[in-house]
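A short write-up of the structure that comes next.
The values are calculated or read from the model by the stated rules, or taken from the named source; none is laboratory data. Keep in mind that this is a model prediction, so the values were computed, not measured. Positions of Cβ are generated from backbone atoms using ideal geometry, with glycine treated the same way; all protein chains shown enter the neighbour counts. Just so you know, the surface numbers come from the protein's heavy atoms only, side chains and all, with ligands and any DNA or RNA stripped out. Shrake-Rupley method; radii C 1.70, N 1.55, O 1.52, S 1.80 Å.
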Amino acid sequence: EVRLVESGGGTVQAGGSLTLSCEVSGFTFDDYAIGWFRQAPGKEREAVACMSNPSDSTDYSDSVKGRFTISGDYAKNTVYLQMTRLEMSDTAVYYCAADCDDLWRRPTTDFGSWGQGIQVTVSS
């Protein structure tokens, strides 16, 4: 069973920081690109960050570049999204997904494996 479970969401004031975790199981962690996506109310789901290998290739959307960092811990089968200098526009449900490289331009739930999503709210 393929399973991805997000944790670490919550409410943070603008300018603050928050780190999300995605624990993966049911498949070989190192065989997949794991990444983060988000969906704000009334908006399409969009790519945030993708990691082909924890020490190698990473990619970020322009809106979060320089503020968010994706990383992985193979021993814990966990991928992290460290978010800093959070802005009101970062408020969304955040999803962890496998095959983020293939999902980057079209993050449809018809393909890939997705977590259930976790709410991040940035307050003023």
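A few notes on this one:
- In segment 30-51, the count of residues that are without any contact (Cβ under 8 Å) to a residue 60 or more places away in the chain, among the hydroxyl-bearing types (Ser, Thr, Tyr) and within 20 Å of residue 99 (Cα to Cα) is zero.
- Cross-chain or 6+ apart pairs with Cβ under 7 Å, segment 1-12 first and closer than 13 Å to residue 123 by Cβ, then of a type outside the set (A, V, I, L, M, F, W, C) and surrounded by fewer than 12 Cβ atoms within 10 Å (Cβ to Cβ): 11/123
- Yes/no for residue 79 being β-branched (Val, Ile, Thr) and over 19 Å from residue 7 (Cα atoms): no
- First in segment 104-121 and of a type in the set (Val, Ile, Thr), second anywhere and open to solvent by 60 Å² or more (accessible area, probe 1.4 Å) and not in a loop (DSSP other than H, G, I, E, B), Cβ under 7 Å, 6 or more apart: 121/11
- Pairs with Cβ under 7 Å, 6+ apart, first in segment 71-90 and over 12 Å from residue 36 (Cβ atoms), second of a type in the set (D, E, K, R) and surrounded by fewer than 14 Cβ atoms within 10 Å (Cβ to Cβ): 74/30
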